[in-house]
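Written below as structure tokens is the structure these notes are about.
The values are calculated or read from the model by the stated rules, or taken from the named source; none is laboratory data. Note that the structure is a prediction, hence the values are computed from the model and not measured. All Cβ positions, glycine included, derive from the backbone under ideal geometry; neighbour counts span all protein chains shown. Ligands, DNA and RNA are stripped out before the accessible areas are found, and what is left, the full protein with its side chains, is counted by its heavy atoms. Shrake-Rupley method; radii C 1.70, N 1.55, O 1.52, S 1.80 Å.
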Amino acid sequence: MCGIVGYVGKKQATPILLDALKRLEYRGYDSAGVAVLTDNGIEIHKTEGKISDLEAILPDIKGLCGIGHTRWATQGAPTTLNAHPHVSGNIAVVHNGIIENYQELYDELKGEGYEFVSETDTEVLAHLIHRYYKGNLVDAVIEGLKKVKGTYAAAFLCGDSEQMVAARKDSPLVAGLGKGENFVASDVTALLKYTRNVVYMHDFEIVSLSGENIQFFDFDGNPVKEHIESIEWNIEAAEKSGYPHFMLKEINEQVTSVHDTMMGRISELTGDVLLGEVKLPREEIRKLERIVIIACGTSYNAGLLGKYVFEALAGIHTDVDISSEFRYANPVLEDSTLVISISQSGETADTIAATKEAKTYGCRTLSITNVVGTTLSREVENIVYTRAGPEIGVAATKTFTSQLIALYLLAIHFARIRKKLDVDRSKRLLVSLKQLPGMIQQILNNKELIRKQAIRFSTARDYFFLGRSLNFPIALEGALKLKEISYIHAEGYAAGELKHGPLALISKDTPVVALATRASTYDKMLNNIKEVKARAAPVLAIAGMDDTEIEKYVDAVIRVPVTDELLYPVLISVVVQLLAYYTADALGCSIDKPRNLAKSVTVE
Ligand code: M6R
């Protein structure tokens, strides 16, 4: 999730690009750059760091047309060399997205003599468009992008004329229409100071902009008539894409983030998971005797799901530990153990220290993280990036579901190598994984029902979340989300454990959220629901759409689409996040910045 901008008109481009980039800094902030068309051709300046760092190194550039970028690294470390724009001859490009067939295009272009100077996937775009450029930038962009698999919002500049071309597929891109000037940006926020007339571009659409003209085309080069919208939002609302809170925006973004975590990593044809970044030799994966997962908070809850999937799919004994416990616990580790540290930020002090501790035992190390180039990523041998994009809300939402997806992918990958998962089952699982984004959208379409239930129970002092097996970690996560942002005391419990103590707390005043999707433990779950109903607790069940039985036993049901038994945790997560969000909203809490909490805990 990077931010791109472009300007062409009668004013100096650089100050406008900088100002617009500052508005997009929430999308990424590890490096930045601009390319401006001057009398001497395209001038490029870029640096690692924030937009203010870029501003500090910029000379006075004279030029009326330019593109800019603020980066959130996905491929290649956050360095000046990897910062955008990237160039090939007289073509410059800024890009937000992921080029899935990067390696194939890289080999092809390298074979033709193109020199690569960065580690980014974006550089292939610059060379591709250069390869096809014969005097018409729109034609070159169409030809080039037809070869690309993946996602992009990209803007291109050519040294030959004061024209900018931009295109999108699966990454946001908006064109802004001014008087004698035109713009593109990842997000309207960047444009509101200059114009309120915008066009939200569609996939496989190209826009060509000069100061006086703006034209849209499809990928066959046919002109497309676009609908111009007038934006009424103020800047603060626009930063959240019109959502009242970042958390709600990020919950909604899971349709895309879950897809992005899987993108390019699944081969439905062979039933294999493609995780080139995992450099562990296949022989070592076959011989792995144990996995130890270390993490904190929400990442720890993801780790608990990891235990189920590594054991169920790959047959590897897995332990999960809280980082702050692990580091002082004299752990027993062998060199045949793989230690997986999970951290959204990659900067959690306890997880970093626990990883360092694990390394002293000679274990193999792997990290699942969302941020490129962090302290944690420098400590481990293997990294699986979750690619969820920056998360602003303190409560982790989209990064959690992306961690779950990364764990499923790793477990399937290991299971295939260890011959524990046959091709047919693996293919079925991968197909089901790919269906999850659409199913998340279905849940989001139904959020009004979840809001009503949240309001109904928002005056409760205590809340319980019950789940069994794979749903148990999500019961913990549901309780954590609710505590964190609504300040209601909540407990997540393995449903079978309730009668060993906590049942004493159940009464008509303690709402119980029962995670009751179909699984081998479903009947047991129904029994646990009956136990709490017998103590007069109001029960809200989260169940599959195919379940006709559950409503007999509970007060209300929130439905999720039917999926593979292993994958329900992803769908249930979205429901419990919404439940927590709407509860906190009803109580008027500070949702994005809950009291006493920080997004990244960099102290012990
Ligand atoms: O960045 P990390 O994943 O290492 O952070 C771990 C926890 O601090 C974090 O998950 C925290 O529990 C969240 N605020 C939960 O929403």
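Some notes on this structure:
- Region 65-143 and region 294-368 have Cα centres separated by 37 Å.
- Sites residue 236 and residue 590 - FRET efficiency at Förster radius 22 Å, r taken between beta-carbons, to 0.05: 0.90
- Computed about the Cα centre, the dipole magnitude for region 446-592 is approximately 360 debye when only Lys and Arg (+1) and Asp and Glu (-1) carry charge, each at its Cβ.
- Cα centroid separation, region 185-239 to region 525-554 (Å): 48 Å
- Taking the 1.4 Å solvent-accessible surface of the chain as the whole, the part contributed by carbon and sulfur is 49%.
- Set of lysines near residue 307 by C-alpha distance (under 23 Å), chain-local residues within fewer than 8 positions excluded: 279, 287, 356, 359, 398, 419, 420, 427, 434, 481, 524
- Using θ = phi - 60° and Karplus 6.51 cos²θ - 1.76 cosθ + 1.60, couplings along region 90-97 (whole Hz; Gly, Pro as x): 9, 10, 10, 9, 10, 8, 10, x
- Amide N proximity, region 446-466 versus residue 555 label position 7 Å along Cα-to-Cβ, cut-off under 16 Å: 450-466
- Accessible surface of residue 449 - all protein chains present, 1.4 Å probe, nearest 10 Å²: 70 Å²
- In degrees, nearest ten, helix 13-23 long axis to first principal axis of the chain (Cα): 10 degrees
- The chain, relative contact order in percent, only Cα pairs under 8 angstrom and at least six apart counted: 11 percent
- Residue 360-residue 62 FRET efficiency (beta carbon distance; Förster radius 56 Å; 0.05 resolution): 0.50
- The long axis of helix 568-586 is offset from the longest Cα principal axis of the chain by roughly 90 degrees.
- The peptide list 248-261, 167-180, put in order of mean Cβ contacts within 10 Å with the highest first, becomes 248-261, 167-180.
- Cα-centre dipole for region 197-243 with unit charges at Cβ (Lys and Arg positive, Asp and Glu negative), debye to 20: 40 debye
- Each peptide in 499-510, 399-410, 89-100, 313-324 was scored by the mean count of other Cβ atoms within 10 Å over its residues; highest first, the order is 399-410, 89-100, 313-324, 499-510.
- Residue-averaged 222 nm ellipticity for the chain, from DSSP H runs of 4+ at -39500 (n - 2.57), nearest 500: -10500 deg cm²/dmol
- Residue 119 versus residue 489: modelled label distance in nm, points set 7 Å from Cα along the beta carbon direction: 4.9 nm
- Magnitude of the charge dipole, the chain, Cβ model with Lys/Arg +1 and Asp/Glu -1, debye to 20: 1440 debye
- Placing pseudo-labels 7 Å out from each Cα toward the beta carbon at residue 442 and residue 428 gives an inter-label distance of 1.8 nm.
- Oblate is the label for region 240-440, because a/c, from the alpha-carbon gyration tensor with a ≥ b ≥ c as root eigenvalues, is 1.5 or above and a/b does not exceed b/c.
- Positive-end residue, region 3-238 charge dipole about Cα centroid, Cβ charges, pick of 41, 69, 233: 233
- Comparing Cα centroids, region 416-479 and region 372-410 end up 18 angstrom apart.
- Value of relative contact order over region 171-218, rounded to a whole percent, pairs C-alpha under 8 Å and six or more apart: 37 percent
- Site pair residue 277 and residue 564 shows an inter-label distance of 2.1 nm when each label is modelled 7 Å from Cα along Cα→Cβ.
- Principal-axis tilt of helix 137-146 within the chain, Cα atoms, nearest 10 degrees: 30 degrees
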